[in-house]
Structure formats: C-alpha cells, structure tokens
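Have a look at the structure below, then the notes.
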Amino acid sequence: MKAKLEASRSLLYETSRYVDIYKSLDAIAKTRTLTPEERAESKRYSRLADALTPIAKGMTSEFANQNTYDSIQVHGGSGFMRDYACERLYRDARITSIYEGTTQLQVVAALRYVTAGSYLQYVREMLSGLPESKEKEAIMAMVDKLDAMTAYVTEFKSQEFNDFCGRRLMESAAYCVMSTLLLRDSTEIAEIFDKPLKVFIDYSLSQLDGHYSVIMSRTPESMDYYR
Ligand SMILES: Cc1cc2nc3c(=O)[nH]c(=O)nc-3n(C[C@H](O)[C@H](O)[C@H](O)COP(=O)(O)OP(=O)(O)OC[C@H]3O[C@@H](n4cnc5c(N)ncnc54)[C@H](O)[C@@H]3O)c2cc1C
C-alpha cells in the first residue's frame, strides 16, 4: 500500500510540476515575447504534461481504490463500521476513477503516447542519467517488454485488438514511468523512498509479466471469444 502511495505521489507531483512550468511560461508570454529557449521549454513541458496526465489520473485513482479497499480489510470488521475513517475514505475513493474522465477514457488518451513510444523515450532518457543499480536493470527489462508488447500489438493494425490490449499497455507504461520516478526519488532525493521503490518494482515486474503473457498469447482472431 505504501509503495503504491509513494509511486502515485511521485507521478502526481512530477506531472503537476510540468503543468506549473508550461503554465508559468504561458503567463509570461502574455507580458512579453518568449525567447526561443523558453518557447522550446514551454512546448516540451506542455507535451510531457499531456502525456503524463492520463496515466497519473488513471493510476492514482485506481491505486486509491485498491489502497482504501485494503485498508478496510486490514482493520477487519471495525474497518467496515463508521467509527473509523477508512470506510469513508473507501466511499470517497470510488468516484475518483469515474469523474473527470473514467479510467477507460484515460486509457484511450494514454494509448497514443504508448504507440508513439513517448513513455519509452521518457523513461529511457531519465534512466540514462541515473547510476547503474539492480533496480535500474529491472526497470530496463520492463521497458524492453513494454517495447515488445507495443510493437506486437501495433503490427496487427487492428483497432479492436488495440482496444483489447489498451488497459494492459497503459498500465505497463505507467509501471515503467512510476518505477523510474521512484528510482530518481530514492537516488536523488531521500532514503525514505528506498523500500517503496524495491516493493514497487517487485509489484510492477509481476504485473508487467502478467500483461505480457496475456498480450503475447492473443491475436485479433482470439477476439472472437470476447465479443
Ligand atoms: C459525484 C459526481 C460529481 C460530478 N461532478 C461533475 C462536475 O462537476 N462537472 C461535470 O461536468 N461532470 C461531473 N460529473 C459527471 C462525471 O464527469 C461523469 O459521470 C463521468 O465523466 C463519466 O461519464 P458518464 O457518467 O456519462 O459515464 P459513461 O460515459 O456513460 O460511461 C459508462 C462506462 O462506459 C465506459 N466508457 C465510456 N466510453 C468509453 C470508451 N470510449 N471506451 C471504453 N469505455 C468507455 C466508462 O469508462 C464507464 O465505465 C460528476 C459525477 C459524479 C458522480
């Protein structure tokens, strides 16, 4: 639960930072002409904000649902009663994956960045600036799997198959991004991220393996069973 919380925070804060930067530059542009460097910076951060927003909204709201569900379970019967905050948090969390765009619509928004390779490039760039470690190696292996899954799905040029694999592709991309941000936080910011990083990578590896095995064993023909 803590690992999901820290990974969610890291992605949320990073996305918010990109939004702050390009909106600040937008505000400055109303008072004077931006320099070519500032214009390039504004474009870069606006693009990053667009790409990270759907995975931030999609993943953090799903993790909020999972964590509040688990927190009731941890408290047993008491957790279900109104005496404790977790039953309220559980009810409050449920709407977050519905309003302001359901998770399924975040998947639709994120997919174009998955297929364009934007998350792969973002993660690879960030990893290249971080020192070698077991965690970095694990993330690079996840990135290669995401790359292979994306190439496999797009090769069929089937919208239906794309839609079928969309959620798994979006989540896989998000696990790569969130793990990389946590690695950056534990390397450059504070030790308190070390354990959440290790746990989150273990979790992401298992999730990504599951998504990989489902996607790579399906074809557009297997869609017959799901219609
Ligand atoms: C408490 C609350 C407060 C709200 N506040 C506001 C507000 O302040 N302003 C405002 O404008 N709205 C508000 N809403 C509305 C909210 O934004 C919508 O409920 C939400 O966007 C989902 O739309 P919908 O209810 O029409 O569901 P639908 O769009 O009918 O979706 C039903 C299901 O179909 C899925 N689905 C739909 N399209 C696709 C697709 N293309 N691919 C895959 N799956 C799909 C959805 O994910 C969902 O699971 C609020 C809703 C609630 C409950």
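Go through ILE192, ILE215 for me and flag whichever is free of Cβ contacts under 8 Å to residues at least 12 places away in the same chain and over 20 Å from GLU125 (Cα atoms).
Being free of Cβ contacts under 8 Å to residues at least 12 places away in the same chain and over 20 Å from GLU125 (Cα atoms) holds for just one of ILE192, ILE215, which is ILE192.
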Exercise. Determine the pairs where a residue that is more than 16 Å from the ligand (Cβ to nearest atom), located within the range 84-100, has a partner that is part of a loop (DSSP other than H, G, I, E, B) and at pLDDT 95 or above with Cβ atoms under 7 Å apart, the partner being 6 or more residues away or on another chain.
Key: GLU87/MET81
Quiz item: Any chance the range 109-117 includes a residue that's surrounded by fewer than 19 Cβ atoms within 10 Å (Cβ to Cβ), within 14 Å of the ligand (Cβ to nearest atom), over 17 Å from MET149 (Cα atoms) and not acidic (Asp, Glu)?
Solution: yes
Quiz item: If you take the residues in the range 118-154 that are farther than 30 Å from TYR69 by Cα and among the aromatic types (Phe, Trp, Tyr), which one is surrounded by the fewest Cβ atoms within 10 Å (Cβ to Cβ)?
Solution: TYR152
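Table: residues versus (1) closer than 22 Å to TYR13 by Cβ; (2) of a type in the set (A, V, I, L, M, F, W, C).
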position	(1), (2)
LEU130	yes, yes
GLU137	no, no
MET142	yes, yes
LYS145	no, no
ALA151	no, yes
GLN159	no, no
PHE164	no, yes
ASP185	yes, no
Quiz prompt | Output for the range 20-72, where each listed residue is surrounded by 12 or more Cβ atoms within 10 Å (Cβ to Cβ), over 23 Å from the mean Cα position of the chain (by Cα) and polar (S, T, N, Q) | solution = SER24
Exercise. Could you tell me which residue of the range 128-140 is nearest to the ligand (Cβ to nearest atom), considering only residues that are under 19 Å from GLU171 (Cβ atoms) and in contact (Cβ under 8 Å) with a residue 24 or more places away in the chain?
Key: ILE139
Quiz item: Quick one: would you say PHE161 is closer than 29 Å to TYR226 by Cα, away from the ligand (no atom under 16 Å from the Cβ) and touching a Pro at 6+ places or on another chain (Cβ under 9 Å)?
Solution: no
Quiz item: Looking at SER78, is it assigned to a helix (DSSP H, G or I), more than 30 Å from TYR122 (Cα to Cα) and over 27 Å from the mean Cα position of the chain (by Cα)?
Solution: yes
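The values are calculated or read from the model by the stated rules, or taken from the named source; none is laboratory data. In this text, all values refer to a predicted model and were calculated from it rather than measured experimentally. FYI the Cβ positions are ideal-geometry reconstructions off the backbone, even for glycines, and counts take in every protein chain you see.
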